[in-house]
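The block underneath contains the structure these notes are about, expressed in structure tokens.
Read-outs: derived from the displayed coordinates by stated rules, not from any lab. Note that this is a predicted model, so its numbers are computed, not measured. Here the Cβ positions follow ideal geometry from the backbone for every residue, glycine too, while neighbour counts run over all protein chains shown.
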Amino acid sequence: MKGFTTKAIHVGRDLFRKWFGDVVEPIHLSTTFAKERLEDVEKGYVYSRTGNPTREVLEKRLAALENGRYALAFSSGMAAETSIILSLLGKGDHIIAFDDLYGGTKRLFNKVMERFGIEVSYVDLRFTEALEEAFQDNTRLVWVETPTNPLMKLADIRAISDIAHAHDTLVVVDNTFASPYFQRPLELGADIVVHSVTKYIAGHSDVVGGAVVTNDEKLYKRLKFHQNALGAILSPFDSWLVLRGVKTLSLRMERHQYNAMNIARYLESHDMVDRVYYPGLESHPQHELAKRQMYGYGGMLSFEIRGGLREAKRFVESLEIFSLAESLGGVESLIEIPALMTHASISRDERLKIGLRDSLIRVSVGIEDLDDLINDLERGFEVISSD
Ligand code: P1T
């Protein structure tokens, strides 16, 4: 199997087909698995936290979509991130992280991991010179998000992997925004890919989950040991919801991208918009890198509305089709103000330092009809201009 969509539909199904010919993966709810003889108690499936058939199909499928060998599914993106760090790092270790990250990831680093003696330096990973300078003797991980949430900054995965490997350091890439359809970091030298599968992979805003993918058998064994030891696994039903969603990932991503590209162009030409952040626009400072390392630009964009927080609030509250909500990657369009919502746990000073202004609006462009989406945004601008 080679094609992305074929893999998204078929990989792992043979596990079930041989029994009853299931075309759709069954949900295996049994928490434990009986054996005929004592000598078999450690063979095959034993206990559902350790291994579950529905989760295993999903793990095989996610590995295939990232062009990786191994994947593990977790109960949320944060659980996946926590499990990576607790599997690989200990007291006294150091992480170099992109300074623009999902607010929850920064919260995990600053408010939890630092308590356990894990140190984090934030660096603008758009610039590899800054990365070179940040290495310490105890650096164990470089943590990359690309495109970043919410400013859509990019990091050069291949260049960063080369530098990190020269320092004996592993590279983790959070690939949530691009999805494996538009970017596959393992192909570019990254060691570990992490996902919030809550987003594009599941795609229907009805399941919270996470995943880790790698090609390295030793890393996989270590992560798998900790998946069982820490216990933050994805449930069989949630695994099934993700399996159901992921089959249409390629179709959804094409439509997300089509809508996002057109909305980005519409916003860029609007006189009530100061700036648009979308890697598919030629005005994006890293557009050339996006063309080189991504297979497409995705469905996320941000923009600064003319004025400030007052205008941003008025705008997001006046829309009808775009729901005012956190999260992203579902079929329905969502809109939010990072300074007040997804990135509120970061101090205002810190936000401004990385260029995250109060007037920034983040959009998860859904797969609705483009004209309806643009008309909705236009209505929002009219509300502000009539104030
Ligand atoms: O929500 P959860 O499944 O635990 O995933 C966390 C996470 C990890 N990485 C990235 C890039 C993310 O965007 C997220 C979750 N983000 C949101 C809920 C949000 O609205 O940005």
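Numbers for the structure displayed
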quantity: Between helix 77-88 and the chain: long-axis angle, C-alpha atoms, 0 to 90°, nearest 10; calculated: 60 degrees
quantity: For the chain, the longest site-free run once trypsin sites (Lys or Arg not before Pro) in DSSP loop states with at most 10 other Cβ atoms within 10 Å are removed; calculated: 92-387
quantity: FRET efficiency, Y266 to V41 (Cβ-Cβ, R0 45 Å, nearest 0.05); calculated: 0.15
quantity: Equivalent ellipsoid semi-axes - Cα gyration tensor, region 20-111, angstrom; calculated: 33, 18, 12
quantity: Cα pair distances in region 41-172, grouped into 5 Å bins until the bin that holds the longest one, percent each; calculated: 2, 9, 17, 19, 19, 15, 9, 6, 3, 1, 0
quantity: Local net charge near V213, Cβ-Cβ under 12 Å (Lys/Arg +1, Asp/Glu -1); calculated: -2
quantity: Of all DSSP beta bridges in the chain, antiparallel share, percent nearest 5; calculated: 55 percent
quantity: FRET efficiency, L15 to E132 (Cβ-Cβ, R0 51 Å, nearest 0.05); calculated: 0.65
quantity: Neighbour-limited loop hits for chymotrypsin sites (Phe, Trp or Tyr not before Pro), region 82-190 (at most 14 other Cβ within 10 Å; DSSP other than H, G, I, E, B); calculated: F127
quantity: All-pairs alpha carbon distance profile, the chain, 10 Å steps from 0, percent; calculated: 5, 23, 32, 24, 12, 3, 1, 0
quantity: In region 282-349, the GluC sites (Glu not before Pro) that fall in loop regions by DSSP, at most 15 other Cβ within 10 Å; calculated: E282, E320, E326, E332
quantity: Region 249-386 - Rg and Dmax from Cα coordinates, angstrom; calculated: 14.4, 43
quantity: Fraction of the pair-distance distribution of region 159-235 above 16 Å, Cα-Cα pairs, percent; calculated: 57 percent
quantity: Folded to 0 to 90 degrees: helix 53-65 orientation relative to the chain principal axis, Cα; calculated: 50 degrees
